[in-house]
Amino acid sequence: MSAREAILAALRRGDAAAPLPPLYAGSPRDSATDLTSAFVQRAADVGAEVHRIQSSALPSAIVAAVMEAGEREIVIWDDPLLDDSAGALREAGITVLSGEAQTIETVAACGFGITTVDHAIAETGTLLLGGGPGRSRAASLLPAHHLAVLPEVRIRADLFDLMREVRSPLPSSLTFITGPSRTADIGLTPVRPAHGPTTVTIFLVNR
Amino acid sequence: MSGIDFVQTSEAALRDAELQGAMRAAMVRFRELQRPAQAEVSDWQALRAYAHGVKRHTLGALAHYLTQLESQVLAAGGRVHWARDGAEAAEIITGIARAAGRRVVKSKSMTTEEIHLNAALEGDGAQVTETDLGEYLIQLAGETPSHIIAPVVHKSTEAIADLLAAKLGVPRYSEPHELTAVARRVLRERFLEADVGITGVNFAVAETGTLVIVENEGNARLVTTLPRVHVALMGIEKVIPRLADLAVFLTLLPRAATGQRMSTYVSLLTGPRRPGERDGPEAQHLVIMDNGRSAIHADPVMGEALSCIRCGACLNVCPVFERTGGHAYGSVYSGPIGAVLTPLFRGVREAGALPFASSLCGACGEICPVKIDLPGLLLELRARVVASGGAPLRERLFIAGWTAAASRPGRFTAAGRVLRAALRLIGRRPAWLPFPLSKWVSTRDLPPPARGAFRDRWRR
């Protein structure tokens, strides 16, 4: 008998299903009246930096952020929201990795990763990033600085609201990010960063 | 192999001042973080009850959900392997690593610790690097983790500073942020050159074939993003039916574990990288392992222990764990959940001492985010230890004596008189007590007994 058959046979002997509870409906939660300010507060709590940016001013704000960090090489997701910004960065003389050029080796050499955000959670200050072609997983992981562009309308109250919108088929990777990478393994002292980005900056845009 | 002698193993821990200081500080800190994180969730108790119900249902239909998980992982392009025990799992993973190139990076996984995977990989010529900071330090020190989520909690910052300086030949840094930076630099190289990434699994979603990994450092993301091959090892109990239930489990787990509203990174991985994607593993392997779990699953009472989501909350509130640390439990799983799981994995003959390493104060049962009745399970295990003849002779003699004295009113009254007289006598000269009674009074007072029995006064 294969390992698979042996395990399943042993389990079937012990299986006796209690009914699967219907999906958690939850008691009424304090739904924040203003999701945006709740998100800004909670994201700041976990060490992310949040700036409200007018959509029209996004490209110049991104160029300014990259310049301020002193980075000359950046990786940016292929996303309509970022098209103008990618152009502005190139015009500013920054080396911009996009599309096919985003390999692990090239992204590892970048100091700045720019992504969009699929959804955000007000209750926890969390960003949800879905991967895919032109949406490198490493862009929010290897560079020292992660800049995420979040349209305000994508903020949800809590994880329960958000999971209602996450449906099959799923992308190969969906990543929840809550602040910069951290550890407290040594002497219980919180330290940022651990292995991921040192900073997470969120540009909140009004569309 | 002789069994786990908890009294003996904890003895050394109780004399270790460094360990005592580190443990006390850590456990107090964990509890301070947990309390507000749970308090701000108004429906915390309802969430616990719901999670308990989902786990109970899933454990009652494991064969169904595991086959569903298998077909969904395959449909997403992953590969699935089944392992009856740790040796089979290690063989499967070793084979994958051998074919992929032997440079292995690992993120923290108690299940891989359980089967001593690193030894198997290294025995096969692989270079294995633990990448969770705490696990990396443990690996450098040649030790084992002492806490489910804080593996190096027993070590002081000073000891870690010495360790890194000695093992890496770097200057002796003393600040946690400097020490972390050193490890980050060393490990970043390992990530970039690795062939294989090995992780555990926090949850595996049957309906979508999604592997969920929860962490703070980013090392698990690196392990599952950079190497060409990702291998995930899961115990059969990690499967959950529905994607939407992650909302409940991801609300409970971080708040119970570290007191965070959300862990820094939660990765939902569905198959390997897809056409057009430039990173993520080219191959994804899921190893589904039994290793004693189906026997626990078949146990009508103890099966509940498989609901554990490995948050470590029961460790942090346990007065015994706080004083002994994790190593005294002689197993990778320590604290109350370890005292339940280890006897189930290894049998009460070998690990029968562990269920007695508890004051039965009940804090573990109160804190458990999936509402496992830990005190009840500990009591049941104690009963089994006694039933299998595992109680020490002195205890059996004492109970026999007590039964004889307490089952007849006359004997009870007479025994009370004798004991009161004896205690008054001893109370004047406690130093005269013979061993082992002398040990009792060496650290405790011996208050004099009341003049007469309550029953006498009541009669008057």
Do we find a residue being aromatic (Phe, Trp, Tyr), assigned to a helix (DSSP H, G or I) and within 10 Å of another protein chain (Cβ to nearest Cβ) anywhere in segment B:2-14? no
What's the number of the condition residue A:2 fails, among (1) surrounded by 14 or more Cβ atoms within 10 Å (Cβ to Cβ); (2) modelled with pLDDT of 95 or more? (1)
Anything in segment B:388-427 that is surrounded by fewer than 10 Cβ atoms within 10 Å (Cβ to Cβ), in a helix (DSSP H, G or I) and not β-branched (Val, Ile, Thr)? List them, or say none. B:393, B:394, B:409, B:410
Taking the residues in segment A:172-198 that are more than 7 Å from chain B (Cβ to nearest Cβ) and either within 15 Å of the chain's Cα centre (by Cα) or hydroxyl-bearing (Ser, Thr, Tyr) (or both) as candidates, determine which candidate is farthest from residue B:207 (Cα to Cα). A:198
Identify the single condition in (1) under 17 Å from residue B:214 (Cβ atoms); (2) at the interface with another protein chain (Cβ under 8 Å from one of its Cβ atoms) that residue A:140 does not satisfy, given that it satisfies every other one. (2)
Only one residue in B:97, B:166, B:141, B:120 is without any contact (Cβ under 8 Å) to a residue 12 or more places away in the chain and either of a type in the set (A, V, I, L, M) or touching a Cys at 6+ places or on another chain (Cβ under 7 Å) (or both), so which one is that? B:166
Determine whether residue B:212 is aliphatic (A, V, I, L, M), closer than 30 Å to residue B:99 by Cα and in a loop (DSSP other than H, G, I, E, B). no
Out of B:221, B:242, B:185, sole residue that is under 19 Å from residue A:196 (Cβ atoms) and surrounded by fewer than 24 Cβ atoms within 10 Å (Cβ to Cβ): B:185
Output for Cβ contacts, cut-off 6 Å, separation at least six or different chains, first residue more than 9 Å from chain A (Cβ to nearest Cβ) and closer than 12 Å to residue B:204 by Cβ in segment B:278-292, second outside any loop (DSSP other than H, G, I, E, B) and small (Gly, Ala, Ser), reads B:286/B:232; B:287/B:83; B:287/B:89
Would a scan of segment B:375-384 turn up a residue that is free of Cβ contacts under 8 Å to residues at least 60 places away in the same chain, farther than 23 Å from residue B:249 by Cα, aliphatic (A, V, I, L, M) and surrounded by 17 or more Cβ atoms within 10 Å (Cβ to Cβ)? yes
Looking at (1) in a helix (DSSP H, G or I); (2) under 20 Å from residue B:202 (Cα atoms), find the lone condition where residue B:80 falls short. (1)
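Is it true that some residue in segment B:357-364 is among the small types (Gly, Ala, Ser), without any contact (Cβ under 8 Å) to a residue 24 or more places away in the chain and in contact with a Pro (Cβ under 8 Å, 6 or more places away or on another chain)?
Looking through segment B:357-364, at least one residue is among the small types (Gly, Ala, Ser), without any contact (Cβ under 8 Å) to a residue 24 or more places away in the chain and in contact with a Pro (Cβ under 8 Å, 6 or more places away or on another chain).
The values are calculated or read from the model by the stated rules, or taken from the named source; none is laboratory data. Only a predicted model underlies this, so the values are computations on that prediction, with no experimental measurement involved. Because the Cβ atoms are built from the backbone with ideal geometry, glycine has one as well, and the counts that use them run over all protein chains shown.
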